[in-house]
Amino acid sequence: MREIQLSHTKDFQGRLELNEPVRVYDCSGPWGDPDFQGSVEEGLPALRADWIRSRNDVEEYNGREVISSDNSHSSFHIPHFAFRQPLRASPNRPVI
């Protein structure tokens with residue numbers, strides 16, 4: 001949660017009316033935390049990776065190659081996280 005300070009409102013008589021702060025849900029995740037030291041190129045820390053693999057219901061696989069249309073054919077480059085191996089459900093094993 002975070003609190004947004006609002007400006008006063010001027011009514012039709014020119015008087016200022018106080019607006020209380022508004023609390024909103026902050027969905028920015030770690031990116032909104034001033035102490036977070038990550039970057040878009042590094043991605044978010046894989047906090048659950050060991051737990052996911054320990055369930056033995058997923059396997060690593062070679063994902064498809066990233067192509068220019070993944071970046072909307074623009075010059076803006078969306079980082080490819082080559083250091084993370086994609087996971088999928090293991091055959092004949094229910095995902096927990």
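Screening Arg55 with (1) modelled with pLDDT of 85 or more; (2) under 20 Å from Gly38 (Cβ atoms) gives one miss only, at (2).
Within the stretch 40-55, the only residue that satisfies the criterion of being free of Cβ contacts under 8 Å to residues at least 24 places away in the same chain, of a type in the set (Gly, Ala, Ser) and either in contact with a Ser or Thr (Cβ under 6 Å, 6 or more places away or on another chain) or surrounded by 10 or more Cβ atoms within 10 Å (Cβ to Cβ) (or both) is Ala49. Selection of first residues in the stretch 15-29 that are free of Cβ contacts under 8 Å to residues at least 40 places away in the same chain and of a type in the set (D, E, K, R) and of second residues that are in a loop (DSSP other than H, G, I, E, B) and surrounded by 10 or more Cβ atoms within 10 Å (Cβ to Cβ), restricted to Cβ pairs under 9 Å at least 6 apart or on distinct chains, gives the following pairs, ordered by first then second residue: Glu17/His8; Glu20/Leu6. Residues of the stretch 21-71 that are aromatic (Phe, Trp, Tyr), under 26 Å from Arg2 (Cα atoms) and touching a Pro at 6+ places or on another chain (Cβ under 8 Å): Phe36 alone. For the stretch 1-51, the candidate set comprises residues that are in a loop (DSSP other than H, G, I, E, B) and of a type in the set (Gly, Ala, Ser); within that set, the residue that is modelled with the highest pLDDT is Ser7.
The values are calculated or read from the model by the stated rules, or taken from the named source; none is laboratory data. Predicted, not measured: the structure shown is a model, and the values here were computed from it. Note that each Cβ is placed from the backbone with ideal geometry, even for glycine, and that neighbours are counted across all protein chains shown.
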